[in-house]
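**Student:** Sharing a structure with you now.
The values are calculated or read from the model by the stated rules, or taken from the named source; none is laboratory data. The shown structure was predicted, so the numbers you read here are calculated from the model rather than taken from an experiment. Note that each Cβ is placed from the backbone with ideal geometry, even for glycine, and that neighbours are counted across all protein chains shown.
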Amino acid sequence: MRALQAYRFALDPNSVQLADLHRHAGAARFAYNWGLARVKAALAQRDAEQSYGLTGDALTPVPWTLPALRLAWNAAKRDVAPWWDECSKEAFSAGLDQLARGLKNVTDSRKGTRKGRRVGFPRFKKRGKARDSFRYTTGAYGPAGDRRVKLPRIGWVKTHEPMGALTARLADGRARLLGATVSRTAGRWFVSFTVEVDRTVPAGPSRRQRAAGPVGVDLGVKHLAVLSTGETIPNPKHLGSALRRLRKASRSYARSKPGSAGRRQHAARLGRIHARVAHQRRDGLHKLTTRLAKTHTSIVVEDLHVAGMVRNRRLARAVSDTGMAEIRRQLTHKTGWYGSTLVVADRWYPSSKTCSGCGWRNPSLTLADRTFTCQSCELVTDRDLNAAVNLCHLVAASTSETVNARGGDRKTALARRVPVKREPGTATAGQTGSASPQGEAA
């Protein structure tokens, strides 16, 4: 099975290499801003020409794609950037590629081929505000041993940790480099290698997976996840634990003088706190999703409307701190790696309001009710555990979508939706206004 995978490592550059990294990031930002100004000038010229009645080939061409932007840059780089040869050509190409992707997103959004909100026109990037990054796709780049990375025009840069997980695959031909992205986060530089990896997918579930069987996972705020096996994954609340430090750092930053050295120090400290929270959350989610994919034949999760959940101002911070969408994203590819299957339940399936013992439903159950009491079979159980057991039952009922197929190298079509009996007064998937945007997450 050929799969795309990223390996990210922290860098420990010296003072000279640090200056070169900033210079390359600035070159990418310069090329992006130059290309955007060129596109806007061409669009303004076309509008003026159309006002005079010109049409067709008589109009000024607009460099909208990456090849057109590169052609225009190569013709003008010696005039607009006499220092261009001090940086790798890949830095300028990376900036133009970012602009081309943004312009393509605008086109796809206007045509309706891109999902989500309407994409706005690209904006200029400002130093200190935009994310510093550039990318290598050609040239002699990549790992040079286990503790050094070769970056053209920058040199051999030390890494903060060994890269054996990547170098071993590259040495025996199980991986192929496709690109390297160098970026700065909270004052620290990272390199991320995009690699095409040969992964050995199990032909069937392992003995450990068969013994555990399928599992339903109910995600929430009080607990990060409740499994149908009865296990409860506590919510670490990384952001909540750091709120006191964040408030103090934010006040210090707001009271500092703009443009001063102290303001830069306060901004760096604030960024480090946010980065630590993000790293802790990412590490915990990776450990959870890897364990689930390795120990169960099927994992059943809900199709939660997270964008609607964060509109609730009382739940927005807590929902964002859990990373519900990230759990589903990681399970999507990890289940294919380890020989298991991910099943996504229908968004409108009332998992919390249905009795896991007899199937009786309680339409009046609210988010404040943390215990489910069945009036038919007199079952009394935790609300979240009841929902997880109902999700586990969906594997046999087939009222869900199978996201991936074990051992498949192609994109598998989604299973046909089976109509689910809904509660009285609950909207269908095509209706609006009668269903809560929070779903069944809490």
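**Student:** Could you say whether any residue in region 156-170 is surrounded by fewer than 12 Cβ atoms within 10 Å (Cβ to Cβ) and in a loop (DSSP other than H, G, I, E, B)?
**Tutor:** yes
**Student:** Which ones in region 47-92 are of a type in the set (Ser, Thr, Tyr) and within 30 Å of ALA140 (Cβ to Cβ)? Full working, then the answer.
**Tutor:** Applying the first criterion (of a type in the set (Ser, Thr, Tyr)) to region 47-92 yields 51-52, 55, 60, 65, 88.
The answer is THR65, SER88.
Listed here are the residues, each with its yes/no results for (1) outside the structural domain of ALA10 (by TED's automatic domain parsing); (2) surrounded by 17 or more Cβ atoms within 10 Å (Cβ to Cβ).
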| site | (1), (2) |
| --- | --- |
| LEU177 | no, yes |
| VAL182 | no, yes |
| VAL191 | no, yes |
| PRO205 | yes, yes |
| VAL215 | yes, yes |
| LYS222 | yes, no |
| LEU227 | yes, yes |
| GLU231 | yes, no |
| GLY240 | yes, no |
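**Student:** Can you name every residue in region 250-291 that is without any contact (Cβ under 8 Å) to a residue 12 or more places away in the chain, within 18 Å of SER320 (Cβ to Cβ) and of a type in the set (Gly, Ala, Ser)? Show your work before the answer.
**Tutor:** Restricting attention to region 250-291, the residues satisfying the condition of being without any contact (Cβ under 8 Å) to a residue 12 or more places away in the chain are 251, 254-265, 278-279, 283, 287, 291.
Okay, now just the ones that are also within 18 Å of SER320 (Cβ to Cβ), so 278-279, 283.
Matches in region 250-291: ALA278 only.
**Student:** Report whether or not LYS126 is assigned by TED's automatic domain parsing to the domain that holds ARG8 and not in a helix (DSSP H, G or I).
**Tutor:** no
**Student:** In region 44-72, what residues are aliphatic (A, V, I, L, M) and closer than 22 Å to SER93 by Cα?
**Tutor:** Here is the first cut: in region 44-72, the residues aliphatic (A, V, I, L, M) are 44, 48, 54, 58-59, 62, 66, 68-69, 71-72.
Within region 44-72, VAL62, LEU66, ALA68, LEU69, LEU71, ALA72 meet the criteria.
**Student:** Tell me which residues, restricted to region 126-150, are touching a residue at least 12 places away in the same chain (Cβ under 8 Å) and touching a Phe, Trp or Tyr at 6+ places or on another chain (Cβ under 6 Å).
**Tutor:** ALA144
**Student:** Looking at (1) buried (at least 21 other Cβ atoms within 10 Å of the Cβ); (2) farther than 16 Å from SER228 by Cα; (3) touching a strand residue (DSSP E or B) at 6+ places or on another chain (Cβ under 6 Å), which is the one condition that is false for LYS353?
**Tutor:** Failing condition for LYS353: (2).
**Student:** While we're looking at this one, here's another question. Could you list, in sequence order, the residues of region 210-255 that are more than 30 Å from HIS274 (Cβ to Cβ) and either small (Gly, Ala, Ser) or in contact with a Phe, Trp or Tyr (Cβ under 8 Å, 6 or more places away or on another chain) (or both)?
**Tutor:** ALA211, ALA212, GLY213, GLY216, SER228, GLY230
**Student:** Of (1) surrounded by 15 or more Cβ atoms within 10 Å (Cβ to Cβ); (2) under 30 Å from GLY216 (Cβ atoms); (3) among the hydroxyl-bearing types (Ser, Thr, Tyr), TYR253 satisfies all except one. Which?
**Tutor:** For TYR253, the failing item is (2).
**Student:** Regarding ALA267, is this residue assigned to a helix (DSSP H, G or I), under 27 Å from the mean Cα position of the chain (by Cα) and not assigned by TED's automatic domain parsing to the domain that holds ARG347?
**Tutor:** Details: assigned to a helix (DSSP H, G or I): yes; under 27 Å from the mean Cα position of the chain (by Cα): yes; not assigned by TED's automatic domain parsing to the domain that holds ARG347: yes.
Taking the combined requirement at face value, the residue satisfies it.
**Student:** Going through ARG8, ARG23 one at a time, which residue ends up being modelled with pLDDT of 90 or more, among the charged types (D, E, K, R), over 18 Å from PHE121 (Cβ atoms) and in the same structural domain as LEU170 (by TED's automatic domain parsing)? Spell out the reasoning first.
**Tutor:** On the way: ARG23 fails: in the same structural domain as LEU170 (by TED's automatic domain parsing).
Testing whether each residue is modelled with pLDDT of 90 or more, among the charged types (D, E, K, R), over 18 Å from PHE121 (Cβ atoms) and in the same structural domain as LEU170 (by TED's automatic domain parsing) leaves just ARG8.
**Student:** Could you look through region 307-352, keep only residues that are under 16 Å from the mean Cα position of the chain (by Cα) and without any contact (Cβ under 8 Å) to a residue 40 or more places away in the chain, and pick out the one that is farthest from ASP283 (Cα to Cα)?
**Tutor:** Looking at the filtered set, the residue picked out is ALA307.
**Student:** Every residue in region 167-183 that is under 27 Å from ALA28 (Cα atoms) and in contact (Cβ under 8 Å) with a residue 24 or more places away in the chain, please. Reasoning before the result, please.
**Tutor:** Step one: filter region 167-183 for residues under 27 Å from ALA28 (Cα atoms), giving 176-183.
Across region 167-183, the qualifying residues are LEU177, LEU178, GLY179, ALA180, THR181, VAL182, SER183.
**Student:** May I pose another question? In this structure, does ARG244 turn out to be outside the structural domain of ALA293 (by TED's automatic domain parsing) and touching a residue at least 60 places away in the same chain (Cβ under 8 Å)? Quick ask: steps written out before the conclusion?
**Tutor:** Values: outside the structural domain of ALA293 (by TED's automatic domain parsing): yes; touching a residue at least 60 places away in the same chain (Cβ under 8 Å): no.
Answer is no for this residue.
**Student:** Counting only residues that are over 22 Å from the mean Cα position of the chain (by Cα) and closer than 28 Å to ARG263 by Cβ, which one in region 126-146 is surrounded by the fewest Cβ atoms within 10 Å (Cβ to Cβ)? Don't jump to the end; show me each part of the working.
**Tutor:** First pass over region 126-146, keeping only residues over 22 Å from the mean Cα position of the chain (by Cα): 126-128, 138-146.
The next check asks that each one be closer than 28 Å to ARG263 by Cβ; those that pass are 126-128.
Numbers: LYS126: 9, ARG127: 11, GLY128: 7.
Ranking the candidates gives GLY128 first.
**Student:** When you check LEU170 against the structure, is it modelled with pLDDT of 95 or more, among the aliphatic types (A, V, I, L, M) and over 24 Å from the mean Cα position of the chain (by Cα), yes or no? It would help to see each step written out before you state the result.
**Tutor:** Details: modelled with pLDDT of 95 or more: no; among the aliphatic types (A, V, I, L, M): yes; over 24 Å from the mean Cα position of the chain (by Cα): yes.
No: the conditions fail for LEU170.
**Student:** For the structure I just gave you, tell me whether ASP97 is surrounded by 14 or more Cβ atoms within 10 Å (Cβ to Cβ), closer than 30 Å to GLY336 by Cβ and either touching a Gly at 6+ places or on another chain (Cβ under 6 Å) or of a type in the set (Asp, Glu) (or both). Working first, answer last.
**Tutor:** On the way: surrounded by 14 or more Cβ atoms within 10 Å (Cβ to Cβ): yes; closer than 30 Å to GLY336 by Cβ: yes; either touching a Gly at 6+ places or on another chain (Cβ under 6 Å) or of a type in the set (Asp, Glu) (or both): yes.
Against the criterion (surrounded by 14 or more Cβ atoms within 10 Å (Cβ to Cβ), closer than 30 Å to GLY336 by Cβ and either touching a Gly at 6+ places or on another chain (Cβ under 6 Å) or of a type in the set (Asp, Glu) (or both)), ASP97 qualifies.
**Student:** So, one more: Could you please find all residues in region 14-46 being more than 16 Å from TRP64 (Cβ to Cβ), surrounded by 18 or more Cβ atoms within 10 Å (Cβ to Cβ) and hydrophobic (A, V, I, L, M, F, W, C)?
**Tutor:** LEU21, ALA25, ALA27, ALA28, PHE30
**Student:** Just checking: which of the helices (runs of 4 or more DSSP H) contained wholly in region 1-113 hold 1 or more residues that are within 28 Å of the chain's Cα centre (by Cα) and touching a residue at least 40 places away in the same chain (Cβ under 8 Å)? Even if it seems obvious, please write down each step before you answer.
**Tutor:** On the way: elements: 15-51, 66-80, 89-111.
The helices (runs of 4 or more DSSP H) meeting that bar are 15-51, 89-111.
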